[in-house]
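S.K.: My questions will all concern the structure given below.
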Amino acid sequence: MARAIRIQQYGGPEVLSFEEVATGSPEPKQLRIRQTAIGVNFIDTYHRSGLYPVNLPSGLGLEAAGVVLEAGSRVKGITPGDRVAYVDSAPGAYAEERVIDASRVVKLPGGISDEQAAALMLKGLTAWFLLRRCYRVRKNDPIVLHSAVGGVGLIALQWAVALGAKVIAVVGSDEKAALAREYGAAEVIVSPREDLVARVREITRKRGVPVVYDGVGKDTFFASLDCLRPRGLMISFGNASGPVPPISPLELSKRGSLYLTRPTLFHYIAKPSDRARGARELFEMIATGKLRVRIGQSYPLSNAAQAHRDLEARRTTGSTLLIP
């Protein structure tokens, strides 16, 4: 028997319970993994609260790293003892052990630690598809990046800087502003102290930006639209402040024939080849020193509730881990 975080009902962090669970043996195309580090993400709080419904009772968590204990009879290229990491759309990573389809897993190169991988798989691949697939950031592009020193934000900030973009980082405090500058932001806006739209227009000499990356949601949505130049792209990829209310397409028209997308990582890595490509590019960024993984805080797996409280209160920076 192994232990895992489970929820029996939706609610606040108090609904998380630490229980013994039966892991079971892998099927022919599956792996059983002893997990050594687990990533915590805002989407985990959506599953817990019911904003993104799951089948109850349920586990939580979408990414982790560890060591293969058993491999199914039809698994190729991965054997017991291999170090691996994964991101999966089905919650269940908050556990000491997990059985998972081998197609979701990538082998870890020697230069990537388990902790780095657990902090990178969902957040790093999210940064990859946002910057390389959803909108292909180019040299000298001015871009607006909300929550720029959060889990996804700090990875995306460094990656965009490495691509030559001029990142306008939006953060919530002076401490976070200093961190954004340390990691290469060209400009920093402290919200809500500064007027986002006015500052972006000032920085871009009234032209606006070609793309806004907004993981905040309700509180920043319309201001983000107003930062765009004509035919600009609004990428709404999270709901940290709550879901965006329904809007009329005319809101996009009157602001300059804007584009709006609400993407999800799993549509961009549905094919194993896309997942492998993203992981390869991500690990190359680490190996070349262009991307530093900042693990801002770690918690014992049994204390996942506190990790959720800190995340929702925006007391965290960088990536957050649970350690079994």
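S.K.: Out of Val106, Val67, I need the residue that is of a type in the set (A, V, I, L, M, F, W, C), surrounded by fewer than 19 Cβ atoms within 10 Å (Cβ to Cβ) and either in contact with a Cys (Cβ under 8 Å, 6 or more places away or on another chain) or closer than 21 Å to Leu282 by Cα (or both). Which one?
M.R.: Numbers: Val106 fails: surrounded by fewer than 19 Cβ atoms within 10 Å (Cβ to Cβ).
Exactly one of Val106, Val67 is of a type in the set (A, V, I, L, M, F, W, C), surrounded by fewer than 19 Cβ atoms within 10 Å (Cβ to Cβ) and either in contact with a Cys (Cβ under 8 Å, 6 or more places away or on another chain) or closer than 21 Å to Leu282 by Cα (or both), namely Val67.
S.K.: Another one. Quick one: what pairs do we get from the stretch 283-299, first residue closer than 17 Å to Val161 by Cα, second among the aromatic types (Phe, Trp, Tyr), C-beta under 9 Å, 6+ apart or different chains?
M.R.: Here the result reads Met285/Trp128; Met285/Trp159; Lys290/Trp159; Leu291/Trp159; Arg292/Tyr183; Arg294/Tyr183, each pair linking the stretch 283-299 to a residue that is among the aromatic types (Phe, Trp, Tyr).
S.K.: Tally time: how many residues in the stretch 222-231 are surrounded by fewer than 21 Cβ atoms within 10 Å (Cβ to Cβ) and either farther than 16 Å from Ala198 by Cα or under 22 Å from the mean Cα position of the chain (by Cα) (or both)?
M.R.: Looking only at that region, the number is 2.
S.K.: Among the residues in the stretch 265-285, are any over 22 Å from Trp159 (Cα atoms), part of a helix (DSSP H, G or I) and either out of contact with any Pro (no Cβ under 9 Å at 6 or more places or on another chain) or not assigned by TED's automatic domain parsing to the domain that holds Gly164 (or both)? It would help to see each step written out before you state the result.
M.R.: Taking the stretch 265-285 and keeping what is over 22 Å from Trp159 (Cα atoms), we get 270-272.
Next cut, part of a helix (DSSP H, G or I) only: 272.
Subsequent filtering for residues that are either out of contact with any Pro (no Cβ under 9 Å at 6 or more places or on another chain) or not assigned by TED's automatic domain parsing to the domain that holds Gly164 (or both) retains 272.
So far as the stretch 265-285 goes, yes, one or more of its residues are over 22 Å from Trp159 (Cα atoms), part of a helix (DSSP H, G or I) and either out of contact with any Pro (no Cβ under 9 Å at 6 or more places or on another chain) or not assigned by TED's automatic domain parsing to the domain that holds Gly164 (or both).
Results for (1) of a type in the set (Ser, Thr, Tyr); (2) in contact with a helix residue (DSSP H, G or I) (Cβ under 9 Å, 6 or more places away or on another chain); (3) closer than 19 Å to Glu284 by Cα, shown as yes or no for each residue.
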{"position": "Arg138", "(1), (2), (3)": "no, no, yes"}
{"position": "Asp141", "(1), (2), (3)": "no, yes, no"}
{"position": "Val144", "(1), (2), (3)": "no, yes, no"}
{"position": "Val149", "(1), (2), (3)": "no, yes, no"}
{"position": "Leu154", "(1), (2), (3)": "no, yes, yes"}
{"position": "Val161", "(1), (2), (3)": "no, no, yes"}
{"position": "Lys166", "(1), (2), (3)": "no, yes, no"}
{"position": "Asp174", "(1), (2), (3)": "no, no, no"}
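S.K.: Let me ask something additional. Which residues, taken from the stretch 65-115, are more than 24 Å from Phe18 (Cα to Cα), among the β-branched types (Val, Ile, Thr), in contact with a helix residue (DSSP H, G or I) (Cβ under 8 Å, 6 or more places away or on another chain) and not in a loop (DSSP other than H, G, I, E, B)?
M.R.: Residue satisfying the conditions is Val106 alone.
S.K.: What number of residues within the stretch 240-253 are within 27 Å of Arg207 (Cα to Cα) and either aliphatic (A, V, I, L, M) or surrounded by 11 or more Cβ atoms within 10 Å (Cβ to Cβ) (or both)?
M.R.: 5
The values are calculated or read from the model by the stated rules, or taken from the named source; none is laboratory data. Since the model is a prediction, treat every value here as computed from it, not as a measurement. In this analysis, Cβ positions are derived from the backbone assuming ideal geometry, glycine residues included, and neighbour counts consider all displayed protein chains.
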